[in-house]
Structure formats: C-alpha cells, structure tokens
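S.K.: Take a look at the following structure, please.
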Amino acid sequence: MNANGLGLHIVLTGAPGCGKGTQARLLKERIAIPHLSTGEMLRAEAQTGSELGREIKSLIDDGNLVPDEMIVKMLEKRIDQDDCKNGFILDGFPRTLPQAKVLDELLQKKGITLDAAIEIQVPDEIIMERILGRYACMKCGQGYHDRYLKPKVYGVCDNCGGTEFYRRIDDNRTTVHNRLVNYRALTYPTIPYFEQQGKLLCVDGTGSIDAVAKKIDNLLAVVREK
C-alpha cells in the first residue's frame, strides 16, 4: 500500500449516527478511494418509484433492515466498477453477522483482502442528538446539523448555494430508537467477528469531526505499516 491509500479496503462500522458517513466522505478525499454507502445506494433505489424501490422505502421508513440479497447484488455490481480497483471504503455494510461472512466470500472471490474494520464508538444519547438534528441540502446533498454543523450563512448551502433543505423521514425519535435496538441485536455481533480476524480497530467518535478524522488517520497509518 502506498501513501494515497491504493490497495486499502476498509469497513467503517458503528451504531447509526456514530459518524460513519461523515468520516467516510472525508476519508475518501484524503486517501482517494471510493466511499461505498449502501444506505445511499438503497435510498437512491427507493426514490425511483420501482416496485423494488417502494419495498425498500417502506423498510427504511420503518427503521427496518433491507434483505441481504438486495444489498449484496448492488454491492457486487458497485465493487466491479473501475474506480474500486484500487480500494474502497464500505459504509453501512455489513450490518449483520451473515452479511460479514458474505462479504468475506465476496472479497475472497475477487481476490481482495479486507485491511481493517474501524468501529466508531459513540454513546446512544449522543447518537440520538446527532440524528435528530441533522439535515441536508435539497440540491447537492451536503449534510448539516442544527448544533454541530451549520451553514456559514444561515439558510444557504456552503457547497452549492442552495436554499432548500430536508430531513430524512426516518430521522425521528421512534425510528432512531428502533434502529439502535436493531443495531445492538443484529449488527453488533459483527464487532467480535472482525476482532477475531484481527481486523478490528476502535476509535472514540465523541470528539469533533476533525479530531475523529485524525484518530482514523493514525489507525490507518498503523495498517499501512503492516
């Protein structure tokens, strides 16, 4: 592996709202490999209005998990694209232990070795505050937060100048609670699985975005040395 991230295959994991998406997008810019968000792939399909899209939308809106076969098909197709040949950052997958095992099989089939699974650790009460306060630009998708990440000019997107914003329909207290319950029951078992493989790296995600990014960089510096 060289300094710009070539050859790095990373999973970012942790509870909903821990900052996986934010950190993945920043890391993508720093090490120049694609950020593969299964959540974004699924939401894009949900917006198409297709039969599959309507089924996915219903599951997402209720805070439930989308069946593995739907996700795996989308992920395999994405990994096969040219921009993933030098590595990628997985965000939102695997969400269950069976998915973690399927991911191993998929990567093995393609001759890819997972370098690290980075768990971003954040307490539930902070996660609730983070999720309920987040919103995004309707035009470009740039993310913001009522408390932690406001636009430089009130009501105007820093990135594109857009003036219309939205909040995800599933960002409400009941759905977030359901998502955290699902995470503890279904996703958390992947943590010891990665640990047993010697792939797990943990980072405290309660600091500022920049501070957490620095911690992740420090962890990856160790990975590159192996």
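S.K.: Can you confirm whether the stretch 176-183 contains a residue that is modelled with pLDDT under 95, within 25 Å of His9 (Cα to Cα) and in the same structural domain as Phe93 (by TED's automatic domain parsing)?
M.R.: Yes; the residues of the stretch 176-183 include at least one that is modelled with pLDDT under 95, within 25 Å of His9 (Cα to Cα) and in the same structural domain as Phe93 (by TED's automatic domain parsing).
S.K.: For the stretch 115-130, give me each residue that is surrounded by 20 or more Cβ atoms within 10 Å (Cβ to Cβ) and part of a helix (DSSP H, G or I).
M.R.: Ile127, Arg130
S.K.: Is it the case that Gly207 is in contact with a helix residue (DSSP H, G or I) (Cβ under 8 Å, 6 or more places away or on another chain), without any contact (Cβ under 8 Å) to a residue 40 or more places away in the chain, exposed (fewer than 15 other Cβ atoms within 10 Å of the Cβ) and more than 30 Å from Pro98 (Cα to Cα)?
M.R.: yes
S.K.: What single numbered condition from (1) in contact (Cβ under 8 Å) with a residue 60 or more places away in the chain; (2) more than 20 Å from Tyr193 (Cα to Cα); (3) of a type in the set (Asp, Glu) fails to hold for Glu119?
M.R.: (2)
S.K.: Quick one: which of Lys85, Lys73, Lys77 is closer than 17 Å to Thr113 by Cα and free of Cβ contacts under 8 Å to residues at least 12 places away in the same chain?
M.R.: Lys85
The values are calculated or read from the model by the stated rules, or taken from the named source; none is laboratory data. Since this is a predicted model, take the numbers as computed values, not measurements. All Cβ positions, glycine included, derive from the backbone under ideal geometry; neighbour counts span all protein chains shown.
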